[in-house]
There are 2 protein chains.
Amino acid sequence: MNIDSIKATVIDDRTKGIPGGTEPFALSEIGRKGWNVLREDLPLPLMVLKRSSLDHNASVFGAYLASHHLSLAPHGKTTMAPQIFAEQLANGAWGITAATANQVQVMRAYGVSRIILANQLVGKGNVLAIAQEINADPDFDFLCFIDSAAQLDNMARQLDGVTLGHPIRLLIEVGVVGGRTGVRSVAEALTLSNAIAAADSSKFRFAGIATFEGVAPGLDRSVEPVADLANTLLEIARSLPKAHYAGLDEFILSGGGSSYFDIIADRFSTLALDIPVRVLLRSGCYVTNDSGSYKNAQDAAKADPHRSWKSELKPALEAWAYVQSRPEENLAFLTMGKRDIPFDSGLPKPFKLYRPGVGFLDVGQCEVFATNDQHAYVRLGPGTDWRVGDLVASGISHPCTAFDKWRLIPVVDDEYNVIDGVMTFF
Amino acid sequence: MNIDSIKATVIDDRTKGIPGGTEPFALSEIGRKGWNVLREDLPLPLMVLKRSSLDHNASVFGAYLASHHLSLAPHGKTTMAPQIFAEQLANGAWGITAATANQVQVMRAYGVSRIILANQLVGKGNVLAIAQEINADPDFDFLCFIDSAAQLDNMARQLDGVTLGHPIRLLIEVGVVGGRTGVRSVAEALTLSNAIAAADSSKFRFAGIATFEGVAPGLDRSVEPVADLANTLLEIARSLPKAHYAGLDEFILSGGGSSYFDIIADRFSTLALDIPVRVLLRSGCYVTNDSGSYKNAQDAAKADPHRSWKSELKPALEAWAYVQSRPEENLAFLTMGKRDIPFDSGLPKPFKLYRPGVGFLDVGQCEVFATNDQHAYVRLGPGTDWRVGDLVASGISHPCTAFDKWRLIPVVDDEYNVIDGVMTFF
C-alpha cells in the first residue's frame, strides 16, 4: 500500500467530522466538497489541521536540522498518520520512530523503510511480527531500544529456530534513577553491551545508544537533568569497548523529544569516535506544536540565553465546538470533551469566537476548567459575550492525545476551507 | 447497514491488536483463528472483553429493570459499538442514548430506530443531520435535551424552510447550580416549557424532563445531591401545565448513569400524572462495569441500607500488557499507556500475572502510579516477582475512556480464547 491507497479510502458519515447524510466518497475528493468550517458545513466538535502551520513548522524545523547537521526520525506515535510520515520523509527524515509493534505494522503497510522502535521489543506476538517484516524486505532497516539482558533473552527465545534475513539493530536505552526505562549507569550499559556482543550476530547487532530526556525527574525546576543525561550518554559512548562497534558504518546517538532537543543535540554533537556519529533526534510534536505544554517549552527555550533553539513553531491543531449552554451567568459549555480533545497536559484554550451571520468577535475572558466525556466546562469573565450556537476555536495542549481522538482530521486553509484530510491509524 | 456488515468488515494488521503479518480477513472469521491471549498469539498491549461478564451484566441489569418497571436507553457513547447496541436492544432496551450528532449518525447507520440525544442539539451541521435522518425514516423516533430558549431559537433557525416528517421530541434538561448543563430551577423549566409550547409543533414537541445526576456537586461527600435533584425533577413534572403534555402517550422522566441509577429510579417511580409516566434510565457503563470508579460505586450502594441496588456486576474489560523493563528494584514498566487504557478516573489495577511456559503466578504487591503515551509506571512491593516478558492483566477504571482507545476489541472466553471481536466507531 502507499499513500494513494489512503486517498482512495471511502469515507462516510459514520466518521466523526463528516456531515450527516454525506454520500460515501473517496478521501481524495474531500477538498472538492466545498466545505467550510465557518459556514457550519461540518458538524462540531471538529479538530482541524492548518496547512499553513504544518508547512511553516516543517520548514523551520528542517532548517534547524540542516544547519546543525542533525538527523531526524520523527516520533510517528504523535500523529500515526502515514500521510504526515510521507511528508516528513519527503522533507528528509532519516526514518520514522514507533512505540509499539502495531505502530511498526502501520508504518510498514505504507512503505516506511527505516523504523526506530523507541521502546523495548518483547513478547512472542511482538517479536515475531518484527521478524516477519524483516524477512519480507531486505531493505527494511529496523532498530529498537534495549535496556536489559532479560529483554535480550526474551527476544532470543522468541527467535529460537527463526532465521532472520538481517539482524535487529539495538540501541541501548539510558535512563535516570526515578525516571522511566533505560539502564541507570555506565556500568549497566557496559554489561548490556557485553551481552549484545555475545549474542547471535545474525539476529542482534549493536547500533548505538539512546535516551528520552523528556521524562527525567526534576524538569519542573530546571533543564539541568537534560544536560546531565546527555553527558551520561557521552560518557557511555566513550567508555564502550571499540570492539563493540568496530566495523559499523556509524554510531547512533539518539535523543530528543520536542521540548529539549536543542540541549540534547548540542551535547551529542560534541562526540567524536573512530567511526562517524549520527546524532538522531526523534521529535514528534514539532510538526503541529501546540498552544499549551509545547508552546511553553518553546517559550522557555527562547527565554534561556544558554539554549540554542530560537525559532518559532506555530500551532497547527485547532478544536472547534459550539457553545451549547449558558446555564449560569459566568458558566458556559462547549460541545467537546475527553473524546475530542487532550486533557492530560492542560486543557484547551479558547482563542476565537465566530458568530454565524455576524463574524469573528472578541472571545473575551474564558477558561476551560474541566471536561467530561463530551462536554467542556468554561468559566467566563465579566462581560464575555458567548451565545448558544456560537462557534469557538481552541488551541490544544499535547498533540499526541489530540490525534488519537480523530480517525480523520480535515486539513484547512487560513479561511477554514477544507482542502484535504489526514487519516490516523491508532 | 446492519450488524452483518460489521461482521463482514475486512481487518488487517494495521488494526491495533491484530498479529503482524495476518492476511486480511473478515471480522466474522476472528473466532476461527485459534488465537489465545496467554499463548501470546496477539501483540500486547491488548484490551479484551470477557463474554461471560458481558452476559452476566446484561442478565443482572435486565432483571433489575424488569422488577422495577424501568425502561433503559443505554448510553451508547460508552462503547460506540453497534454490536453491543444490538445486544442491548435484543435484551429489551427502549432505545439507545447518544451524546453527539455523529454518534446518532453511527447508530442510524446500523438501524437504531429510537435515539435519545442526551445533550443539547445546536448548530447548522448538527441540526440538519438530524433533520435528514428524520425525513429519511418515518419510524425514526428522535429525542434530545433542551435547556434554553436560545437553543430552541438556534434549532428553529437551522430548520427555517425545512419540512420535518415528524417533530423532534424535546426533553427539558434539569441541572443544579455549579453543575453541568440544564435549567437550574422550577421557574426556568416552566419558562422553557412555555417556549416549547409556543414553538412550531410540526418541528418540536415536548416529551418530558431529564437530568444526569452523576455530575452534581457534592457527590464526593454524600449521595444526597442525587435525591435532591430527583426531587426537583418531580416538582417540575408536577408543576408543568397539563396542557404542555396533554395528548401525549406518555411523560418521560429520565436520569440515571451507572452509579446512582437506583436512587433516581426509586424517586422517579413515585410520580403519577394523568398520563403514563415512563421512567427511563440511560446507564451506559453497566454493560462492562469496571475495576475502579464504577466498582466503587457498586460497593457504596451495597453498603448503604437506603440504596435498593444490591446486585453484583462483573468487570468485562481487561487490559493486557508485557513487563518490558525492571530498571530499578521496585520499579517496573508495562507496555501500555494513555493510548491504550483510561487514565482520567483512576489508573489500571494489575490483578493477574502470567509467565509464558510457567503459568499464572501471584501478581504480588503492585501499583500503576503514572502513565505516559505508551508506558505504565508500576511500583512493586517487596518480593513481588515480575520479570521482563511476563504478561500482566489489569482491570480498568472508566469504560468510556477504554473503548475509545480501540477500534477492535477481541471478545474472549474464560480461557482467553478469542471467540469474537467488537468494533467501535469513535
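Each value in this text was obtained by applying a stated rule to the coordinates, not by laboratory testing. Note that the coordinates shown come from a computational prediction; the quantities given were computed from them, not determined experimentally. Neighbour counts are summed over all protein chains in view; Cβ atoms, including those assigned to glycine, are modelled from backbone coordinates with ideal geometry.
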remark   = Residue by residue through region A:108-115, the couplings from Karplus 6.51 cos²θ - 1.76 cosθ + 1.60 with θ = phi - 60°, in Hz, x for Gly and Pro, are 5, 4, 10, x, 6, 9, 9, 10
ask   = Looking at the protein assembly as shown, what % of the alpha carbon pairs are farther apart than 46 Å?
value = 25
ask   = Could you give the nm distance between label points at A:D414 and B:E312, where each point is 7 Å from its Cα heading toward the beta carbon?
value = 6.5
ask   = Looking at this model, which pairs from A:K352/B:K77; A:K295/A:K405; B:K7/B:K124 are more than 23 angstrom apart at the alpha-carbon?
value = A:K352/B:K77; B:K7/B:K124
query = So what's the gap between the Cα centers of region B:101-126 and region A:39-97, to the nearest angstrom?
reply = 33
ask   = Assigning unit charges at the beta carbon (Lys, Arg +1; Asp, Glu -1) and nothing else, what dipole magnitude in debye, to the nearest 20, does the protein assembly as shown show about its Cα centre?
value = 40
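If you average 1/r across every pair of different Cα atoms in region A:100-211 and take the reciprocal, what Kirkwood value do you get, in Å? Walk me through the numbers before you get to the answer.
Numbers: mean 1/r = 0.0709 Å⁻¹.
After inverting the mean inverse Cα-Cα distance, the result is 14.1 Å.
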query = Using Cα atoms only, what is the angle between the long axis of helix A:149-158 and the major principal axis of chain A, expressed in degrees (0 to 90) to the nearest 10?
reply = 90
request  = Give the order of B:R32, B:R267 when sorted by the count of other beta carbons within 10 angstrom, beginning with the fewest.
outcome  = B:R32, B:R267
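Quick one: B:T384, B:T79, A:T401, fewest Cβ neighbours within 10 Å first, how do they rank?
Numbers: B:T384 17, B:T79 27, A:T401 20.
Fewest-to-most ranking of B:T384, B:T79, A:T401: B:T384, A:T401, B:T79.
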message = Given R₀ = 25 Å, what would the calculated FRET efficiency be for B:A8 paired with A:T9, taking r from the Cβ atoms and rounding to 0.05?
response = 0.90
query = From the label point of A:D55, set 7 Å from Cα along Cα→Cβ, how far away are the matching label points in the other copies, in nm, ordered shortest to longest?
reply = 5.9
Charge dipole magnitude, Cβ of K and R +1, D and E -1 - region B:51-292, Cα centre, debye nearest 20 = 260
request  = Using a Förster distance of 56 angstrom, determine the FRET efficiency expected from the C-beta separation of B:H166 and B:S345, and round it to 0.05.
outcome  = 0.90
task = Answer with one residue from A:G76, A:N231, A:A136: the one whose Cα lies farthest towards the positive end of the charge dipole of region A:51-292, charges on Cβ with Lys, Arg +1 and Asp, Glu -1.
result = A:A136
request  = Find how much the distance from A:S59 to A:E329 grows on full extension, using 0.36 nm per residue of separation minus their present alpha carbon separation; answer in nm with one decimal.
outcome  = 92.7 nm
remark   = The ³J(HN,Hα) series, computed from each phi in region A:255-262 with the Karplus coefficients 6.51, -1.76 and 1.60 at θ = phi - 60°, rounded to the nearest Hz and given as x for glycine or proline, is x, x, x, 10, 10, 10, 4, 5
remark   = With region A:51-292 reduced to its Cα atoms and the Debye formula applied, log10 I(q)/I(0) at q = 0.10, 0.12, 0.13 1/Å amounts to -0.44, -0.65, -0.77
task = Show the residues, 5+ positions off or on another chain, whose built amide H is closer than 5 Å to the amide H of A:D420.
result = A:V411
request  = With +1 on each Lys and Arg Cβ and -1 on each Asp and Glu Cβ, and nothing else charged, work out how big the dipole of chain A is about its Cα centre, in Debye to the nearest 20.
outcome  = 240
ask   = Given chain B, what percent of its DSSP beta bridges are antiparallel, to the nearest 5?
value = 55
note = Across 10 Å bins beginning at 0, the whole-percent shares of Cα-Cα pair distances in chain A come to 4, 21, 28, 24, 15, 7, 2, 0
message = Using only the alpha-carbon atoms, how far is helix B:51-67 inclined from the longest principal axis of chain B? Give it as 0 to 90 degrees, nearest 10.
response = 30
ask   = Once amide H atoms are built 1.01 Å from N in the peptide plane, which residues 5 or more positions from B:F351, or in another chain, come under 5 Å H to H?
value = B:A393, B:S394, B:G395
message = Can you work out the Karplus-derived ³J(HN,Hα) for every residue in region B:330-339? Use 6.51 cos²θ - 1.76 cosθ + 1.60 with θ = phi - 60°, whole Hz, and x for glycine or proline.
response = 10, 10, 9, 10, 10, 7, 8, x, 4, 7
query = What list do you get for B:M107, A:M336 if you sort them by fewest beta carbons within 10 Å?
reply = B:M107, A:M336
query = Setting aside same-chain residues fewer than 8 positions from B:K314, which aspartates and glutamates have a Cα under 18 Å from its Cα?
reply = B:D55, B:E87, B:D262, B:D290, B:D299, B:D413, B:D414, B:E415
request  = Could I have the simple spin-label model distance between B:V186 and A:R379, label points 7 Å from Cα toward Cβ, reported in nm to one decimal?
outcome  = 3.2
ask   = For A:A98, which sequence-distant residues (separation of 5 or more, or a different chain) have an amide H within less than 5 Å of its own amide H, given hydrogens modelled in the peptide plane?
value = A:G76, A:I116, A:L117, A:A118
task = With r as the distance between the Cβ atoms of B:D249 and B:S201 and R0 = 22 Å, compute the FRET efficiency 1/(1 + (r/R0)^6) and round to 0.05.
result = 0.90
